[in-house]
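Asker: Quick one: the structure is below, and I'll ask about it shortly.
The values are calculated or read from the model by the stated rules, or taken from the named source; none is laboratory data. All of these numbers come straight from a predicted model, not from anything done at the bench. Please note: Cβ atoms are built from the backbone with ideal geometry, for glycine as well, and neighbour counts cover all protein chains shown. Only protein heavy atoms, including side chains, enter the accessible area calculation; ligands, DNA and RNA are left aside. Shrake-Rupley method; radii C 1.70, N 1.55, O 1.52, S 1.80 Å.
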Amino acid sequence: MNTVFTASYRVRSYETDLYCRLKPVTLMNYFQDAASGHACLLGFSVADLLQKNHTWVLSRYQIKICRYPCEGEEVTVRTWRSALDGYHALRDFEAVDEKGMLVAVAGSSWLILNLDSRRPVHIKAVLDDFPVHDRRSFPDEFIFLPKRGNYDLSKPFRVRMADLDQNRHVNHTVYPEWAFETVPPEFFNRCLPAEIHIAYRAEAVYGGRVISRSAVIDPADPGRFLHQLVNEEDGKELTRLITVWRCRENF
């Protein structure tokens with residue numbers, strides 16, 4: 001059985017920012033596409049699970065970016081199932097450039113959701129065989145994301161049809177895009193995310209209104225932000241994030 005899946009991507013102009021560098025969310029999309037391709041190959045993709053009235057949902061995600069490729073470069077992604085622990089299936093990623101230099105590493109934790117109860121179920125209750133490749137790409141476990149009562153900046157967003165995925169809720173790559181919008185412009189213009197840590201807590205659906213909030217965690221380290229995204233109607237927390245930013249010259 002193929003325990004490690006590999007896919008290559010050419011960075012397109014529409015996948016880059018105003019400085020012609022790969023957008024961090026595009027890199028997450030590469031990882032998502034590779035994970036989907038691997039799951040299809042092994043027979044437990046979202047489409048496969050939907051036939052059983054179940055689906056995959058993302059619980060935790062973390063990514064560390066070492067460099068940002070430019071338009072025209074090729075990025076190769078490797079992904080594998082790294083661990084299985086009851087309700088949680090871990091999947092790791094790494095991306096390298098054409099010279100074999102590391103671009104990014106990521107780790108993720110997934111749940112299988114019963115579509116009737118909207119609650120997670122034990123992985124092995126749905127999948128009899130779930131072999132893993134016992135290696136982790138991300139150097140650390142999922143970090144603690146603190147709770148905060150007040151935030152420095154906030155911005156509203158309306159959930160568009162284009163934000164939805166096969167599960168008919170907001171795709172996991174949309175939340176960091178909303179979070180980035182509350183980083184102060186002067187910071188955003190001279191820095192890039194070096195790390196993104198995300199805890200997904202609830203789903204957002206079409207037509208909903210989401211409030212994105214951010215605050216500097218420690219004034220002594222102004223490049224580290226805590227983010228929270230909530231449903232405006234009931235105040236329910238959807239996602240909590242930490243982003244760590246570094247000067248563009250460091251990439």
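Asker: Based on this model, can you work out whether residue 209 counts as modelled with pLDDT of 95 or more and either over 25 Å from residue 65 (Cα atoms) or not hydrophobic (A, V, I, L, M, F, W, C) (or both)? So that I can check it myself, show each step before the final result.
Answerer: On the way: modelled with pLDDT of 95 or more: yes; either over 25 Å from residue 65 (Cα atoms) or not hydrophobic (A, V, I, L, M, F, W, C) (or both): yes.
Against the criterion (modelled with pLDDT of 95 or more and either over 25 Å from residue 65 (Cα atoms) or not hydrophobic (A, V, I, L, M, F, W, C) (or both)), residue 209 qualifies.
Asker: Take residue 128 and decide whether it is over 21 Å from the mean Cα position of the chain (by Cα), over 29 Å from residue 27 (Cα atoms) and open to solvent by 80 Å² or more (accessible area, probe 1.4 Å).
Answerer: So residue 128 fits the description; yes.
Asker: Out of the residues in the range 3-17 that are part of a strand (DSSP E or B) and of a type outside the set (S, T, N, Q), state the one that is surrounded by the fewest Cβ atoms within 10 Å (Cβ to Cβ).
Answerer: Looking only at the range 3-17, we keep the residues that are part of a strand (DSSP E or B), and these are 4-10, 16.
Filter once more, keeping what is of a type outside the set (S, T, N, Q): 4-5, 7, 9-10.
On the way: 4: 13, 5: 21, 7: 17, 9: 20, 10: 11.
Top of the filtered list is 10.
Asker: Can you name the number of the only condition in (1) modelled with pLDDT of 95 or more; (2) crowded, with 17+ Cβ neighbours inside 10 Å; (3) among the polar types (S, T, N, Q) that residue 154 fails?
Answerer: Only one criterion in (1) modelled with pLDDT of 95 or more; (2) crowded, with 17+ Cβ neighbours inside 10 Å; (3) among the polar types (S, T, N, Q) is unmet by residue 154, namely (2).
Listed here are the residues, each with its yes/no results for (1) open to solvent by 10 Å² or more (accessible area, probe 1.4 Å); (2) in contact with a Cys (Cβ under 8 Å, 6 or more places away or on another chain); (3) touching a residue at least 40 places away in the same chain (Cβ under 8 Å); (4) assigned to a helix (DSSP H, G or I).
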site: 19; (1), (2), (3), (4): yes, no, yes, no
site: 28; (1), (2), (3), (4): no, no, yes, yes
site: 31; (1), (2), (3), (4): no, no, yes, yes
site: 34; (1), (2), (3), (4): no, no, yes, yes
site: 47; (1), (2), (3), (4): yes, yes, yes, yes
site: 58; (1), (2), (3), (4): yes, no, yes, no
site: 61; (1), (2), (3), (4): no, no, yes, no
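Asker: Follow-up. Check whether at least one residue in the range 182-191 is loosely packed, with under 13 Cβ neighbours inside 10 Å and of a type in the set (S, T, N, Q), and report yes or no.
Answerer: yes
Asker: While we're on this one: Report, by residue number, each residue of the range 4-43 that is acidic (Asp, Glu) and modelled with pLDDT of 95 or more. Let's see the steps before the verdict.
Answerer: Pass one, the range 4-43, residues acidic (Asp, Glu): 15, 17, 33.
Matches in the range 4-43: 15, 33.
Asker: Does any residue in the range 169-184 that is over 12 Å from residue 200 (Cα atoms) come within less than 9 Å, Cβ to Cβ, of a residue that is among the hydroxyl-bearing types (Ser, Thr, Tyr) and open to solvent by 20 Å² or more (accessible area, probe 1.4 Å) six or more places away or on a different chain, and which pairs are these?
Answerer: Cβ pairs passing all conditions: 169/206; 182/151; 182/154.
Asker: With (1) basic (Lys, Arg); (2) surrounded by 15 or more Cβ atoms within 10 Å (Cβ to Cβ); (3) farther than 27 Å from residue 68 by Cβ as the list, and residue 240 as the residue in question, which single condition is left unmet?
Answerer: Failing condition for residue 240: (3).
Asker: Of the numbered conditions (1) within 16 Å of the chain's Cα centre (by Cα); (2) open to solvent by 60 Å² or more (accessible area, probe 1.4 Å); (3) modelled with pLDDT of 95 or more; (4) within 29 Å of residue 217 (Cβ to Cβ), residue 109 satisfies every one except a single condition; which is it?
Answerer: Condition (2) is where residue 109 drops out.
Asker: Restricting to the range 207-223, name every residue that is out of contact with any Asp or Glu (no Cβ under 9 Å at 6 or more places or on another chain), assigned to a strand (DSSP E or B) and open to solvent by less than 60 Å² (accessible area, probe 1.4 Å).
Answerer: 221, 223
Asker: From the list 194, 199, pick out the single residue that is open to solvent by less than 80 Å² (accessible area, probe 1.4 Å) and closer than 11 Å to residue 228 by Cα. Don't jump to the end; show me each part of the working.
Answerer: Numbers: 194 fails: closer than 11 Å to residue 228 by Cα.
None of the other options fit; the residue is 199.
Asker: Moving on. Might you let me know whether the range 56-64 holds any residue that is under 18 Å from residue 126 (Cβ atoms) and in contact with a helix residue (DSSP H, G or I) (Cβ under 6 Å, 6 or more places away or on another chain)?
Answerer: yes
Asker: For the range 63-84, which residues satisfy the criterion of being assigned to a loop (DSSP other than H, G, I, E, B), surrounded by fewer than 20 Cβ atoms within 10 Å (Cβ to Cβ) and within 17 Å of the chain's Cα centre (by Cα)?
Answerer: 66
Asker: Restricting the first residue to the range 73-91 and requiring it to be closer than 14 Å to residue 106 by Cα, which pairs with a second residue that is among the basic types (Lys, Arg) and open to solvent by 30 Å² or more (accessible area, probe 1.4 Å) meet a Cβ separation below 7 Å and a spacing of at least six or different chains?
Answerer: Listed by first residue and then by second, the contacts come to 82/135; 82/136.
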